[in-house]
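Engineer: Would you mind keeping the following structure in view while I ask a few things?
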Amino acid sequence: MSVETISFLQTRVTALESENASLKAENKDRRLKYKGASTELEDLKKQLGTLTAERDQLKARADAGPKELNDKIASLESSLRARDHRDAFASVKEFEVTGKDGKPVKYKLRDGVTADAVMKQLDHKAEGETPKAEAIKARLGEALQTHSFLFAEAAAPDGAQRPFTLPSREAGPGGGKGPDSPTVTAAQGGKVAYTAAQVSGRI
């Protein structure tokens, strides 16, 4: 092999070694850049996952509303509904049923009995729409059969008193005064009211 050939080959080897070194350096730079890009990509993916989770949480809160606020609204609505039902029962002052003689008899709540007490005894739940007066009257009429202690017969609207006659007694001294069968009136509450002239000579 000639000297020229050997020299050429050495030159070629040197060039190839230089080119190989250059390619290795470029490849190393690319690997480093790729590694950096991969790490950045992973970080971005994690950030995206965190932001997505936060967005979903905020959306859920916005749709559902704050729990405390929802609980407060529910409590207020329940209180208002209970008040409306109580006021509806309290507004019914009298109700009418058919007596044993077939005639209508009016009843009212006994003195001291409140609308709350009636609702509790009847196990009335303040749910749904406020009951109408006619529905409440019908309910009270039914309750009269099982909870009669809640009610009392209503007095006549004009304050009229029902008359009854005292049994006649044998006339005593001064017996000529007054009628033979005096009529005495009593309010439905049971209090007797009469004048001295009506009972004169009967004692």
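Engineer: Just need a number here: residues in segment 100-113 that are farther than 19 Å from residue 135 by Cβ and either surrounded by 11 or more Cβ atoms within 10 Å (Cβ to Cβ) or not assigned by TED's automatic domain parsing to the domain that holds residue 147 (or both).
Structural biologist: 3
Engineer: When you go through 72, 33 one by one, which is the residue that is within 22 Å of the chain's Cα centre (by Cα) and not in a loop (DSSP other than H, G, I, E, B)?
Structural biologist: Result of the check over 72, 33: 72.
Engineer: Do we have residue 61 as over 20 Å from residue 154 (Cα atoms), in contact (Cβ under 8 Å) with a residue 24 or more places away in the chain and either assigned to a helix (DSSP H, G or I) or in the same structural domain as residue 148 (by TED's automatic domain parsing) (or both) here?
Structural biologist: Criteria not met by residue 61.
Engineer: Just wondering, is there one or more residues in segment 90-111 that are modelled with pLDDT of 85 or more, in contact with a Lys or Arg (Cβ under 9 Å, 6 or more places away or on another chain), in a helix (DSSP H, G or I) and not aliphatic (A, V, I, L, M)?
Structural biologist: No - not one qualifying residue is present in segment 90-111.
Engineer: Now for a separate question. Restricting the search to segment 69-93, which residues are of a type outside the set (Val, Ile, Thr) and surrounded by 13 or more Cβ atoms within 10 Å (Cβ to Cβ)?
Structural biologist: Hits for segment 69-93 are 81, 82, 84, 85, 86, 88, 89, 90.
Engineer: Also, quick follow-up: Between a residue in segment 66-88 that is on the phi < 0 side of the Ramachandran plot and any residue that is of a type in the set (Gly, Ala, Ser), which pairs come within a Cβ distance under 7 Å, given they are 6 or more apart or on different chains?
Structural biologist: Matching pairs, first to second residue: 81/126; 82/126; 85/126; 86/115.
The values are calculated or read from the model by the stated rules, or taken from the named source; none is laboratory data. It should be emphasised that the depicted structure is a prediction, and the values quoted were computed from it without experimental measurement. A quick note on method: Cβ atoms are made from the backbone with ideal geometry, for glycine too, and the neighbour counts reach across all protein chains shown.
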